[in-house]
Structures are given as C-alpha cells and as structure tokens.
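Notes follow the structure.
The values are calculated or read from the model by the stated rules, or taken from the named source; none is laboratory data. Keep in mind that this is a model prediction, so the values were computed, not measured. Ideal geometry is used to build each Cβ from the backbone, glycine not excepted, and the neighbour counts take in all protein chains shown.
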Amino acid sequence: MFTGIVQGIGRITRVQPRAEGVRIVVNVAAVGAADVAIGDSIAMNGCCLTVVERNGDELAFDVSAATLACTTGLDREGAVNLEKALRAGDRLGGHLMTGHVDGVGRVRAFAAVADATGSHTLTVEAPRDLARFIAPKGSIAVEGVSLTVNTVADAHFTVNLIPHTLGVTTLAQLAPGAKVNLEVDLMARYAARLLDTTARASQEEPWN
C-alpha cells in the first residue's frame, strides 16, 4: 500500500527490452536505497513495481507487457515520482493507494492560478470508464501524487497544485497533451461495486 505522498524524484537511466516487457534501471538517490531489499515494492509514477536487482542507489525493476499496456512513462528514460511502500505506524498523509494504475488520462490544461501565489490548475481527461469514480472533494492519484479533486465535468476533472507539490514532484513538467497515470479512490471503487451488486440483486426474480 501507498499514500501518494511522493518521497523524492528518481530517474529511469536505462531501459532494457525483454522477451516480455522491459527491465528499467532507476536512480533512487533522492529517497535512498540503504533500507531497500530485493523483493521490496516501490511506486514509480503511481505504479507498484518490485525490486529485482540493486547496485548502490540504482535499482532494477521488471515491467511486464501487461503493465506497459495500462500505464505511461515506464518505457523510456526520464524523471519519475518515487514512494516506498507504507509501513505499519507510518503517517497517512495522503490517501490509501494500491499502486495499481487504473488507466491513463490526458492533460487538457495546465495554467497558473490568477491569484499569483504560484499555484496551478491541472485539468485532466480521464478514461470514460473511470469517470464514475471521480467526485468533487474526493481523492485521486495523478502520476502517483495524492490530490483532491476540485471540479468534475463529464470525464474531465481539475485539481489544484500548490507550489510545494510542484517543487517536489514531476507534475511541474506537465503540459497539454501529456499522458498521466491515474488511480481512482479505493473507497469510491468499493462503493460503486456495492451499488452495482445491490442494483442487480434487486432486479433478480425472487425464489419461489
């Protein structure tokens, strides 16, 4: 489990094609690797990956073709948001996340807020099948960053990014047209599942 509080920005330094997917090598000096063991989980731009090799501050991860098909940004060199897995007793500063990316959204707008405080408004178009899980004042993860939804219109939603968030994540690099990993709120998903199950049960004919 994760919380969406990014601990540092790492960098994918090598991408090695494999028979099934790729192996990526990531420099994680920003979060440190002294307490990381092979088999540990680390969220990379919101996607939970397993450490398969380590060499100082460089960690290797295998990314399957299935994972590549439902995420973005894990098949090329570049900066990535990093978060180590939640431990019992850690502060829950964001919201509970699984690190299982639900889909890829597309940035529609990224603009400074008019009050000149340094904050920006980010507008993202989510996949249609995820729109029902996104609600104003609810939580959503964008590139592994826990954010609060401001507004929702059809499949589009907006979030406010304060200067601190822009300074400690990769979100400041976004621009219209960019693709982003999305994970919807876990509670919203379970609530929707419960409502669907209840609705189906009410439509079934009672036993004689």
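Just one of ALA141, ALA79 is touching an Asp or Glu at 6+ places or on another chain (Cβ under 7 Å), touching a residue at least 24 places away in the same chain (Cβ under 8 Å), under 30 Å from ALA37 (Cβ atoms) and not in a loop (DSSP other than H, G, I, E, B); which is it? From the options ALA141, ALA79, the qualifying one is ALA141.
Using the structure shown, decide if THR13 is of a type in the set (Ser, Thr, Tyr), in a strand (DSSP E or B) and within 26 Å of LEU166 (Cα to Cα).
Against the criterion (of a type in the set (Ser, Thr, Tyr), in a strand (DSSP E or B) and within 26 Å of LEU166 (Cα to Cα)), THR13 qualifies.
I'd like the residue in region 101-133 that is β-branched (Val, Ile, Thr) and at pLDDT below 95 and, out of all such residues, is surrounded by the most Cβ atoms within 10 Å (Cβ to Cβ). Walk me through how you get there before you give the answer.
At the first step, the residues of region 101-133 found to be β-branched (Val, Ile, Thr) are 101, 104, 107, 113, 117, 121, 123-124.
Still in the list and also at pLDDT below 95: 113, 117.
Numbers: VAL113: 13, THR117: 10.
The extreme case among them is VAL113.
Being more than 24 Å from ALA155 (Cβ to Cβ) and in a loop (DSSP other than H, G, I, E, B), is that true of even one residue in region 97-113? The answer is no; no qualifying residue exists.
Restricting region 39-69 to residues that are touching a Gly at 6+ places or on another chain (Cβ under 7 Å) and part of a loop (DSSP other than H, G, I, E, B), the residue that is nearest to GLY99 (Cα to Cα) is GLY46. The one condition from (1) over 16 Å from GLN173 (Cβ atoms); (2) among the hydrophobic types (A, V, I, L, M, F, W, C); (3) assigned by TED's automatic domain parsing to the domain that holds PHE157 that ALA109 does not meet is (1). When GLY73 is tested against the conditions (1) modelled with pLDDT of 95 or more; (2) part of a loop (DSSP other than H, G, I, E, B); (3) farther than 30 Å from ARG132 by Cα, the lone failure is (3).
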